[in-house]
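The values are calculated or read from the model by the stated rules, or taken from the named source; none is laboratory data. Just so it is clear, the model here is predicted, and its values are computed rather than measured. Quick reminder, even Gly has a Cβ in these numbers, built from the backbone with ideal geometry, and neighbours come from all protein chains shown.
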Amino acid sequence: MNSPRTIVENNGAVVILDQTRLPQETAFVHLTTLADAAQAIRVMRVRGAPLIGATAAYGVALGLEEGQPLDAIVQTLAATRPTAVNLQWALARMARALQKSAPAGWRDLAWREARAIAREDAEANAAIGQHGLAILRPLAGRKQPIQLMTHCNAGWLATVAHGTALAPIYAAQAAGLAVHVWVSETRPRNQGLLTAWELAQAGVPHTFIVDNAAGLLMMQGKVDAVIVGADRIAANGDTANKVGTYLKALAAKAHGVPFYVAAPLSTIDFACPDGAHIPIEERAAEEVGGGATAVANPAFDITPAQLIAGIITERGLVAAGNLASVKP
Ligand code: MRU
């Protein structure tokens, strides 16, 4: 199955789709320096855990091309956003790969490793789509369209290709299953608009809702399953994702709606014991428009493992409490 790609190379530059301008405008930006890559992540021109990781990997290659020291490159990129563990995961993988060679070979090696990280992300997400499809098929056997709900944007825009939470939905559509998706707005950055844009392009029927409508729709029996992405999954299965995810999981539990997380293994932080140890990004008050009023703007929340029906990975569906079974 084909998917658009969010990050490509072009003559020594890294080309990304500027997500701060979507859905109004499709604008590509050339990243040519470490600072470009770091800024793209920080201001969310690229966003979504897997794409943040891939961009950081390419950022290492750009920094080495500029002759910057590896330690400084890694520090700059690591400081951009705290919650998505794919960022640290990609930087650690790049450093490990480079250590295998003398510094003279680092530039070439960095491009190769970044390319591999990007390719493997696309492959992992395609596999997530197929594993997710196996979960959706029985639902489709009972009733069509299958009514799904998602939060934020965990589509191809948030990854190198295919998406995570949206990958099973695209796979279901390709397999001829009728699906309808409830897309929540995702205040304050409105990533739901990106999801609606993606689904519209793919011809997947969907309906845009305010975040707080999710509970009512589940109470009314209008949701068969919830699928969201993840920014960091702790070793015990507690999952950080865009703020508002936890409330959807609580409502899903209350109404017997299965709540799935779809994420590649690069999003699992086996060194992090539980959700309480996941750093939560606090973003600027201006995003919430508080003016003179005190504002708290946590960008993510934690969904406890016991609220999660399963985690859809490239290795298949894994119980949130049994992540040790997929530990590399
Ligand atoms: O702040 P964002 O837009 O980077 O947050 C994105 C999310 O929360 C996604 O759900 C998550 O990164 C998974 S993306 C496949």
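Quick one: in the range 9-37, which of the residues that are assigned to a loop (DSSP other than H, G, I, E, B) and within 16 Å of the ligand (Cβ to nearest atom) is farthest from Gly229 (Cα to Cα)?
Arg21
What are the pairs with Cβ atoms under 6 angstrom where one residue, in the range 108-119, is more than 13 Å from Arg5 (Cα to Cα) and the other, located anywhere, is in a helix (DSSP H, G or I) and not small (Gly, Ala, Ser)? Sequence gap at least six, or different chains.
Leu109/Leu98; Ala110/Val60; Ala110/Leu64; Glu113/Met94; Ala114/Tyr58
Within the range 252-271, can you find the residues that are away from the ligand (no atom under 16 Å from the Cβ) and surrounded by fewer than 21 Cβ atoms within 10 Å (Cβ to Cβ)?
Lys253, Ala254, His255, Gly256, Pro258, Phe270, Ala271
Mind listing just one residue for me: the one in the range 161-176 that is aliphatic (A, V, I, L, M) and more than 10 Å from the ligand (Cβ to nearest atom) and, of those, farthest from the chain's Cα centre (by Cα)?
The selected residue is Ala175.
Could you count how many residues in the range 133-165 are small (Gly, Ala, Ser) and over 23 Å from Glu185 (Cβ atoms)? Step through it out loud before you land on a result.
Just the residues of the range 133-165 that are small (Gly, Ala, Ser), to begin with: 134, 140-141, 154-155, 158, 161, 163, 165.
When the remaining residues are screened for being over 23 Å from Glu185 (Cβ atoms), the result is 134, 140-141, 161.
Of the residues in that region, 4 qualify.
Condition check ((1) within 26 Å of Ala27 (Cβ to Cβ); (2) in contact with a Lys or Arg (Cβ under 7 Å, 6 or more places away or on another chain); (3) charged (D, E, K, R); (4) surrounded by fewer than 15 Cβ atoms within 10 Å (Cβ to Cβ)) across all residues:
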position: Met94; (1), (2), (3), (4): no, no, no, no
position: Ala118; (1), (2), (3), (4): yes, no, no, no
position: Ala127; (1), (2), (3), (4): no, no, no, no
position: Gln130; (1), (2), (3), (4): no, no, no, no
position: Pro138; (1), (2), (3), (4): no, no, no, yes
position: Gly141; (1), (2), (3), (4): no, no, no, yes
position: Ala154; (1), (2), (3), (4): yes, no, no, no
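Being surrounded by fewer than 15 Cβ atoms within 10 Å (Cβ to Cβ) and under 18 Å from the mean Cα position of the chain (by Cα) is the filter here, so list the residues in the range 43-67 that pass it.
Val43
What is the one condition in (1) within 10 Å of the ligand (Cβ to nearest atom); (2) assigned to a helix (DSSP H, G or I) that Gly192 does not satisfy?
Every listed condition holds for Gly192 apart from (1).
Restricting to the range 100-116, and then to whatever is of a type outside the set (Ser, Thr, Tyr) and either in a loop (DSSP other than H, G, I, E, B) or closer than 22 Å to Ile278 by Cβ (or both), can you tell me which residue is modelled with the lowest pLDDT? Reasoning before the result, please.
The initial filter retains those residues of the range 100-116 that are of a type outside the set (Ser, Thr, Tyr), namely 100, 102-116.
If we keep only those that are either in a loop (DSSP other than H, G, I, E, B) or closer than 22 Å to Ile278 by Cβ (or both) too, we end up with 100, 102.
Values: Lys100: 93, Ala102: 96.
Among those residues, the one meeting the criterion is Lys100.
Quickly run through the range 212-229 and pick out the residues that are surrounded by fewer than 21 Cβ atoms within 10 Å (Cβ to Cβ) and either part of a strand (DSSP E or B) or without any contact (Cβ under 8 Å) to a residue 60 or more places away in the chain (or both).
Asn212, Ala213, Gly215, Leu216, Met219, Gln220, Gly221, Ala225
For Phe300, only one of the following conditions fails: (1) among the aromatic types (Phe, Trp, Tyr); (2) without any contact (Cβ under 8 Å) to a residue 60 or more places away in the chain; (3) within 20 Å of Val85 (Cβ to Cβ). What is its number?
It is condition (2) that Phe300 fails.
Inspect all residues belonging to the range 283-297 and state whether any of them is in the same structural domain as Thr150 (by TED's automatic domain parsing), touching a residue at least 24 places away in the same chain (Cβ under 8 Å) and in contact with a helix residue (DSSP H, G or I) (Cβ under 7 Å, 6 or more places away or on another chain).
Scanning the range 283-297, I find at least one residue that is in the same structural domain as Thr150 (by TED's automatic domain parsing), touching a residue at least 24 places away in the same chain (Cβ under 8 Å) and in contact with a helix residue (DSSP H, G or I) (Cβ under 7 Å, 6 or more places away or on another chain), so the answer is yes.
Looking at Lys248, is it away from the ligand (no atom under 16 Å from the Cβ), in contact with a helix residue (DSSP H, G or I) (Cβ under 7 Å, 6 or more places away or on another chain) and part of a helix (DSSP H, G or I)?
No, not satisfied.
Step by step: first the residues of the range 158-188, then only those that are touching an Asp or Glu at 6+ places or on another chain (Cβ under 9 Å) and surrounded by fewer than 19 Cβ atoms within 10 Å (Cβ to Cβ), then the one that is farthest from Arg137 (Cα to Cα). Which residue is that?
Among residues in the range 158-188 that are touching an Asp or Glu at 6+ places or on another chain (Cβ under 9 Å) and surrounded by fewer than 19 Cβ atoms within 10 Å (Cβ to Cβ), the one farthest from Arg137 (Cα to Cα) is Pro188.
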